[in-house]
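Data block below; observations after.
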Amino acid sequence: MKKIGLLVITFFVVACVVVISCDKAVKVPVSYTVVTNHATTVNDIFIPDSGRFDMQILVKFLSGYAQDNVTLKISGLPADISVTPDSFSAVPSYVEDFVFSTNHAAHNTYRITITGYAPEETPQTYSFNLTVIPADCATSLLGSLSGHNACSVTGNTSHTATSTWVAQNTLSVNDFGGYGTNTNTTVYLNCDNDSLAIPSQNIGNGVVLQGSGTFTASGMSVTYNTTGTSTDNCTVTYAK
């Protein structure tokens, strides 16, 4: 009887183990993507040679185990550029601010890598270009600018504008948008996020213009509208 009882207990234990193992859920590793916040990829950035740049990175949860941390680590920076933090870990989805700082950094373009680590997954790498520009962003855009307009009324046109220095991070562009050499448009550059603003102003020839856009060390892209003697909505791209 003892042997029969032992066999029954053993069978019961084995059966429980089998049932438990059959019902146990299989953990699927977390799947995620890494992009610049409000974008679909990791965008290139431009940093003044003595200044700071706040790069917001979004780690977006896609599928899998929703409690796994994803760790980001930045590598490839030269000695005269630092980032705080250089690594960060949290459960996605999350946004982390990586603040880059420069101190008389050399003007150059560097290929920087963000590596993502998650449990039971092969590390993922995302690369972008970091370009160091003058602290006064206006200095890199002085001189002749080759412009191409795409407008709702006047269509596609080309022209050459001339940019001069007004003050730190401020330009005066003669013949902006191709409105004539009797016109001058003041453009304000924000070096922290590579954006520009053109507040509403009478640029000459009876044209009132306002707009906004982005810039790099070698050009600008501006969406603007005009009223007065000319009413139009345009996007102009400038290249040095």
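The values are calculated or read from the model by the stated rules, or taken from the named source; none is laboratory data. Predicted model only: the values in this text are computed from it and were never measured. Because the Cβ atoms are built from the backbone with ideal geometry, glycine has one as well, and the counts that use them run over all protein chains shown.
Table for the structure above
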| item | result |
| --- | --- |
| Among the candidates V166, V208, V173, residue that is of a type outside the set (F, W, Y) and surrounded by 21 or more Cβ atoms within 10 Å (Cβ to Cβ) | V173 |
| Candidate set: the stretch 182-205, residues that are buried (at least 16 other Cβ atoms within 10 Å of the Cβ) and of a type outside the set (V, I, T); chosen: the one farthest from F100 (Cα to Cα) | G204 |
| Where Y179 falls short, out of the listed (1) touching a helix residue (DSSP H, G or I) at 6+ places or on another chain (Cβ under 8 Å); (2) surrounded by 13 or more Cβ atoms within 10 Å (Cβ to Cβ) | (1) |
| Residue in the stretch 215-227 that is nearest to L145 (Cα to Cα), counting only those that are polar (S, T, N, Q) and modelled with pLDDT under 95 | S218 |
| Matching entry among V207, V173 (being aliphatic (A, V, I, L, M), over 17 Å from G147 (Cα atoms) and at pLDDT 95 or above) | V207 |
| Qualifying residue in the stretch 94-102 (condition: charged (D, E, K, R) and modelled with pLDDT of 95 or more) | yes |
| Among residues of the stretch 201-240, those that are touching a residue at least 24 places away in the same chain (Cβ under 8 Å) and assigned to a strand (DSSP E or B), counted | 21 |
| Qualifying residue in the stretch 108-120 (condition: over 21 Å from the mean Cα position of the chain (by Cα), among the small types (G, A, S) and not assigned by TED's automatic domain parsing to the domain that holds N169) | yes |
| Selection from the stretch 27-54 of residues that are among the polar types (S, T, N, Q) and in a loop (DSSP other than H, G, I, E, B) | N37, T40, T41, N43 |
| Positions within the stretch 164-178 being among the small types (G, A, S) and not in a strand (DSSP E or B), in sequence order | G177, G178 |
| Pick from the stretch 131-163, criterion touching a Ser or Thr at 6+ places or on another chain (Cβ under 7 Å) and part of a helix (DSSP H, G or I), ranking: surrounded by the most Cβ atoms within 10 Å (Cβ to Cβ) | L141 |
| Selection within the stretch 162-219 - under 26 Å from N43 (Cβ atoms) and among the polar types (S, T, N, Q) | S163, Q168, N169, T170, N190, N193, S195, Q210, S212, T214, T216, S218 |
| Residue within the stretch 62-75 that is assigned by TED's automatic domain parsing to the domain that holds R111, closer than 19 Å to N108 by Cα, modelled with pLDDT of 95 or more and not basic (K, R) present | yes |
| T115 within 30 Å of T162 (Cα to Cα), of a type outside the set (A, V, I, L, M) and in a strand (DSSP E or B) | no |
